[in-house]
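The values are calculated or read from the model by the stated rules, or taken from the named source; none is laboratory data. Since the model is a prediction, treat every value here as computed from it, not as a measurement. Heads up, the Cβs are rebuilt from the backbone with ideal geometry, glycines too, and the neighbour counts pull from every protein chain shown.
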Amino acid sequence: MENAIFLGLSVQAWYLIAVTIGMFYTLTRTHVPAEVAFLGVVTLYLAGGLVNVHDVVSGLGSEAVVVSGAFFIMQASLNLTGVSYWLSQHWLGSPKSYRQAIVKLMTPVALLSAMMGGENVVSMFTDTVKQWARKLGISHAKLLIPLSYAATFGGMCTLLGQSSNLVIAGLYAEQTGTSLNLLAPLVPGVVCTVVGMLMMLLQQRFLPEREAPELSFEDISDYTVELLVPTDNPAVMMKVADTGLKNVRGGSLIEIVRFDKEVISPVDDDEFIFGGDRLIYSGQINELLKLKQTHGLVAADHHIYSINEIDSNRKLRTAYVNFGSDLIGTSMSHNKFEKRNDMTLVAVARQGKRVDEQPREVKLEAGDTLLLECPQKADRDLQTTLKRTLTFFDSQYVPQLGPRTIWTSVVLVAIFVLSSFNVLPLLTVTMLAAGALIMMRCCRMDSITKYIDWNYLLLLGSLVVFSIAITKTGIMTPVADWVLRVCKENPYIIIIVMSIMASLVSEVFSNIAAGAVFFPLVYQQAMILGCNPLPFVIALMTSVTISYCTPIGSTTIMQIYGPGGFKFTDFWRIGIWMHLALLLVNLITIFIVFPMY
Amino acid sequence: MTTEIREENNSLIAVFKGRLDTAAAVQTTKDVEPLMNAEGKDVVLDCTELEYISSSGLRIFISILKSVKAQGGKVNVKNINDEIRKVFLMTGFDKLFTIQ
């Protein structure tokens, strides 16, 4: 049965196609996290005999997974000891023009991204760049896009710069038994970085101007705020007109939502106020929030009998909804987020504008800015717990600089020296570095498991197994044969075609997934043609990173999408030229640098 | 939903049966009109067979209260079930009405 062929493919290949389609359907139509979907797929592959136990164990424990795990410890140390903070605060300076500001920002960001990973650099620079933009009088959006793109350029230069690089390097090691050097993609990466920066300077006038979304809560005069009437409020049982709650300073009452969800809109002067009413105001947010002090209203997700039940020390914080957040597609009144995290949603902004609905009924989207009332304490705990769901704008953590800051920097440099000169394999170096940082107390020994993003590692491991299954079923063989035929078995044309396809796929899916799917195909083509697999693999590695047109394909664009208040289409105009130019110079460089035979 | 009004010992008694939801509130508002002209008599709202009350129903209760009080009478609410008691506690109605 296993050897039966149907429409040119084995039964196992068809099984793989069916399971994979089911997974993509699940990912697009449900809120099942990606790592769970991929793990489910791995389980079905295992059950269907597409992979064996050894494949699964070696995939989940592959070099990409272990190196990424150790790298999380290094990232935590860089943040905790203040290396990240110091770099982001001291490297920008005071440029004289916008052009100079772009160069001053992109150069260190690209360099650091090569060493620390683009995602880590974007997360540490985002707030600083926004403050810097305000100081320079430049729209923050005009600097956030160069920040994101520079991180991607720099990330192309080393294996540690992009997660997709590690995955592809891991798959290469799996196939050949040889680990790639940390600096394997350095030359095409550097060329792309230089060309990318020049392109950014040429296209600077196409960069969009956007309002900072967190400032929209201060600036916009037409906002929707939801406040609850506690049972003991003096206004209970009074007519709206007599309570002074209808036309208030800075806005007006547009809706009352009763305990039984009855909506009263417009609100007549004769309407009574009941305890438990949710009053929906439109107007200037700061003024409306003063109603909490002046009229005893509260922000709450559940009924409040007395205003004394509310902790007066709670504070307002702004955060944006991350891509892939489990809040997307849900409303606060229907999910359990507020209760679980002791927070209350007060207002929602979408691309800096009012959402014309009761805030807690708004179906949330990626990039929405939320104004939340949060507990006073546990700032960092909240940020750590919710890092996949929300990102807070106002991170108040300022690390203490000291000797450990220097130790961490030394360890980071040592990794590069040892790995680049092939003194030790990358896996050994990163594990030694993580161990050294723990021993030097650059991160807390009892919190190591918290620093590691286990969901991410699970996703990486599952993707490696996914790629192994594609290789073993031979599903890519007909595709590889077809590409070889069409390209007349010319390795240069094949690399060009595969790079274009991989970079297009990575615009709409993640670059890691694109790398995992395309690796078996390009490796097989290199083997069939008897070529050196390195130009094929490095071209794939750099091509999947070349995705600048949509926020979906690039993690670093996703990271600035919410804080920048961008529109989905903002990246298209500048990204398409960047995509074409980098693809071209990348391929030319690879053809020059890497011998084909 | 039905509403019956009768007079006993110089008091008006309104007997509610069924679910006083938003749909039933329009008819109930008409049915309780005699209570709005109680002319100083006390009013008893008998909720023994009232299964549910919505915010529209509470609005009727408060209108009765305001009207009866303005004419010098009192309003008592009788025999509310646990669900309705919860609603009264939440909305603050328990402090306005005498609940028997």
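Could you identify the single residue in A:L245, A:L215 that is modelled with pLDDT under 85 and either in contact with a Phe, Trp or Tyr (Cβ under 6 Å, 6 or more places away or on another chain) or away from chain B (no Cβ under 12 Å) (or both)? I'd like the intermediate steps shown before the answer.
Details: A:L245 fails: modelled with pLDDT under 85.
The match here is A:L215.
Does A:K353 satisfy the criteria of being surrounded by fewer than 20 Cβ atoms within 10 Å (Cβ to Cβ) and at pLDDT 75 or above? Give the steps one after another, and end with the answer.
Working: surrounded by fewer than 20 Cβ atoms within 10 Å (Cβ to Cβ): yes; at pLDDT 75 or above: no.
So A:K353 fails the test.
Scanning for something in contact with a helix residue (DSSP H, G or I) (Cβ under 8 Å, 6 or more places away or on another chain), within 14 Å of chain A (Cβ to nearest Cβ) and surrounded by 15 or more Cβ atoms within 10 Å (Cβ to Cβ), does the range B:41-49 turn up at least one residue?
The answer is no, given that none of the residues of the range B:41-49 is in contact with a helix residue (DSSP H, G or I) (Cβ under 8 Å, 6 or more places away or on another chain), within 14 Å of chain A (Cβ to nearest Cβ) and surrounded by 15 or more Cβ atoms within 10 Å (Cβ to Cβ).
List every residue pair whose Cβ atoms sit under 8 Å apart, with the two residues 6 or more apart in sequence or on different chains, where the first one lies in the range A:333-344 and is on the phi > 0 side of the Ramachandran plot and the second, anywhere, is assigned to a loop (DSSP other than H, G, I, E, B) and of a type outside the set (G, A, S).
Pairs found: A:D342/A:P375.
Starting from residues that are among the acidic types (D, E) and under 20 Å from B:G18 (Cβ atoms), keep the ones in the range B:66-99 and report whichever is surrounded by the most Cβ atoms within 10 Å (Cβ to Cβ). So that I can check it myself, show each step before the final result.
Step one: filter the range B:66-99 for residues among the acidic types (D, E), giving B:82-83, B:94.
Imposing the further condition that a residue be under 20 Å from B:G18 (Cβ atoms) reduces the set to B:82-83.
Working: B:D82: 7, B:E83: 12.
Only one residue tops the list, namely B:E83.
Under 9 Å between Cβ atoms, which residue pairs at least 6 apart in sequence (or on different chains) link something in the range A:415-437 that is closer than 15 Å to A:A169 by Cβ with a partner that is among the acidic types (D, E) and modelled with pLDDT under 85?
A:P425/A:E63; A:L426/A:E63; A:L427/A:E63
Could you count how many residues in the range B:68-83 are over 12 Å from the mean Cα position of the chain (by Cα) and outside any loop (DSSP other than H, G, I, E, B)? Break it down stepwise before answering.
Narrowing the range B:68-83 to residues over 12 Å from the mean Cα position of the chain (by Cα): B:69-73, B:81-83.
Now drop any that are not outside any loop (DSSP other than H, G, I, E, B), which leaves B:69-70, B:82-83.
The number of residues fulfilling the criteria is 4.
Just a yes or no: is a residue in the range B:6-20 within 14 Å of another protein chain (Cβ to nearest Cβ) and touching a residue at least 24 places away in the same chain (Cβ under 8 Å)?
There is at least one residue in the range B:6-20 that is within 14 Å of another protein chain (Cβ to nearest Cβ) and touching a residue at least 24 places away in the same chain (Cβ under 8 Å).
Among the numbered criteria (1) of a type in the set (S, T, Y); (2) surrounded by fewer than 23 Cβ atoms within 10 Å (Cβ to Cβ); (3) modelled with pLDDT of 80 or more, which one does A:Y548 miss?
Going through the list (1) of a type in the set (S, T, Y); (2) surrounded by fewer than 23 Cβ atoms within 10 Å (Cβ to Cβ); (3) modelled with pLDDT of 80 or more, A:Y548 breaks only (2).
Surrounded by 18 or more Cβ atoms within 10 Å (Cβ to Cβ), in contact with an Asp or Glu (Cβ under 9 Å, 6 or more places away or on another chain) and not in a strand (DSSP E or B) - does that describe any residue in the range B:4-18? Please lay out each step first, then the result.
Residues of the range B:4-18 surrounded by 18 or more Cβ atoms within 10 Å (Cβ to Cβ): B:12-14, B:16.
From the residues that got through so far, the ones that are in contact with an Asp or Glu (Cβ under 9 Å, 6 or more places away or on another chain) too are B:12-14, B:16.
Checking the rest, the ones that are also not in a strand (DSSP E or B) come to none.
No, there is no match, as no residue in the range B:4-18 is surrounded by 18 or more Cβ atoms within 10 Å (Cβ to Cβ), in contact with an Asp or Glu (Cβ under 9 Å, 6 or more places away or on another chain) and not in a strand (DSSP E or B).
Among the residues of the range A:163-186, count how many are in a loop (DSSP other than H, G, I, E, B) and either buried (at least 23 other Cβ atoms within 10 Å of the Cβ) or within 26 Å of the chain's Cα centre (by Cα) (or both).
Our first condition is that a residue be in a loop (DSSP other than H, G, I, E, B); within the range A:163-186, this holds for A:177-185.
Keeping just the survivors that are either buried (at least 23 other Cβ atoms within 10 Å of the Cβ) or within 26 Å of the chain's Cα centre (by Cα) (or both) gives A:180, A:182-185.
Counting residues in the range A:163-186 that are in a loop (DSSP other than H, G, I, E, B) and either buried (at least 23 other Cβ atoms within 10 Å of the Cβ) or within 26 Å of the chain's Cα centre (by Cα) (or both) gives 5.
Yes or no: the range A:489-503 includes at least one residue that is in contact (Cβ under 8 Å) with a residue 40 or more places away in the chain and under 23 Å from A:L457 (Cβ atoms).
Scanning the range A:489-503, I find no residue that is in contact (Cβ under 8 Å) with a residue 40 or more places away in the chain and under 23 Å from A:L457 (Cβ atoms), so the answer is no.
For residues that are buried (at least 17 other Cβ atoms within 10 Å of the Cβ), within 18 Å of A:L371 (Cα to Cα) and within 13 Å of another protein chain (Cβ to nearest Cβ), tally how many sit in the range A:251-305.
2
Looking only at the range A:245-277, count every residue that is in contact (Cβ under 8 Å) with a residue 40 or more places away in the chain, over 21 Å from B:G57 (Cβ atoms) and assigned to a strand (DSSP E or B) and tell me the total.
1
Hey, could you check the range A:511-545 for residues that are without any contact (Cβ under 8 Å) to a residue 60 or more places away in the chain and under 21 Å from A:S148 (Cα atoms) and say which is surrounded by the fewest Cβ atoms within 10 Å (Cβ to Cβ)?
A:A513
Out of the range B:13-30, which residues are over 11 Å from the mean Cα position of the chain (by Cα) and of a type outside the set (V, I, T)?
Quick first cut of the range B:13-30, residues over 11 Å from the mean Cα position of the chain (by Cα) only: B:17-19, B:21-27, B:30.
Of everything in the range B:13-30, those that are over 11 Å from the mean Cα position of the chain (by Cα) and of a type outside the set (V, I, T) turn out to be B:K17, B:G18, B:R19, B:D21, B:A23, B:A24, B:A25, B:Q27, B:K30.
Restricting attention to the range A:104-161, and to residues there that are in contact with a Gly (Cβ under 7 Å, 6 or more places away or on another chain) and surrounded by fewer than 21 Cβ atoms within 10 Å (Cβ to Cβ), which single residue is farthest from A:E507 (Cα to Cα)?
Among those residues, the one meeting the criterion is A:K104.
Name the single residue, out of those in the range A:427-450 being at pLDDT below 80 and in a helix (DSSP H, G or I), that is farthest from A:N165 (Cα to Cα).
A:D446
Each row is one residue, and each column tells you yes or no for (1) away from chain A (no Cβ under 14 Å); (2) surrounded by 16 or more Cβ atoms within 10 Å (Cβ to Cβ).
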residue	(1), (2)
B:V26	no, no
B:E33	yes, no
B:Y52	no, yes
B:L58	no, yes
